[in-house]
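Reading through the structure tokens given below for one structure.
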Amino acid sequence: MDQNRSHDSLTGMLLPSALILGLVLLLAFDMGRVVEGTGMASPREPWLQLVVGYLATGAEIAAALVIGVAIVRAIAVYLFRLVARDEAPSDYPASIRLQLGRVLALGLEFTIASDILRTVVSPTRQEIMNLGAIVLLRSLLNYFLEMEISMGEGRSAQMADTGRIQLERRGNQ
């Protein structure tokens, strides 16, 4: 058990460090010296660019809708629980935060998909480098968000167990 915890801790430190190092290297790469080729565009390329542009825009709209609806929902749930006071005040903000975090992770996935789609049709080296940096940065954000969500879920489960044990003790008295 202790060995798994130390392995997870090591992995939890190495992965973000490697991603940050990769981002720094991508951004430090001398972009000014990249020379673009002058290839002929295929007759289908403008059509593909149009379709992919619409798909990428759709993914961006989906990300905005998912995140926007989640924010409105979180505010509504918070205000309702604040007025209703059906739970202890410390319980509901954490659950709302976890739900919002899950939706933000989904929204990040939509924006990564949009960036990838925009670079699909005849990408230049500069566009590929920019995409790599953007995807790396968003993946890093997503990683830390997922890590925070899993830690929050662990705390929430631990609090629920503690509350259940206290209720059992009260029932036995």
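The values are calculated or read from the model by the stated rules, or taken from the named source; none is laboratory data. Just so you know, these numbers come straight off a predicted model, no measurement behind them. Backbone-built Cβ (ideal geometry, glycine too); neighbour counts: all protein chains shown.
A few points about this structure:
- The range 94-115, residues that are more than 13 Å from the chain's Cα centre (by Cα) and farther than 20 Å from LEU79 by Cβ: SER114, ASP115
- Top-ranked residue of the range 46-83 - restricted to ones that are farther than 27 Å from THR124 by Cα and among the β-branched types (Val, Ile, Thr), ranked as surrounded by the most Cβ atoms within 10 Å (Cβ to Cβ): ILE67
- Number of residues in the range 142-158 that are among the acidic types (Asp, Glu) and loosely packed, with under 14 Cβ neighbours inside 10 Å: the value is 0.
- Positions within the range 106-146 being touching a Ser or Thr at 6+ places or on another chain (Cβ under 8 Å) and either touching a residue at least 40 places away in the same chain (Cβ under 8 Å) or hydrophobic (A, V, I, L, M, F, W, C) (or both), in sequence order: ILE112, SER114, ILE128, LEU131
- Residue check, ARG81 under 20 Å from ILE149 (Cα atoms), among the charged types (D, E, K, R), touching a helix residue (DSSP H, G or I) at 6+ places or on another chain (Cβ under 9 Å) and modelled with pLDDT of 80 or more: no
- Positions within the range 110-141 being surrounded by fewer than 18 Cβ atoms within 10 Å (Cβ to Cβ), assigned to a helix (DSSP H, G or I), out of contact with any helix residue (DSSP H, G or I) (no Cβ under 7 Å at 6 or more places or on another chain) and not hydrophobic (A, V, I, L, M, F, W, C), in sequence order: ARG125, GLU127
- Evaluation of GLY163 against the conditions (1) farther than 24 Å from VAL69 by Cβ; (2) loosely packed, with under 12 Cβ neighbours inside 10 Å; (3) modelled with pLDDT under 80 shows that the sole unmet condition is (2).
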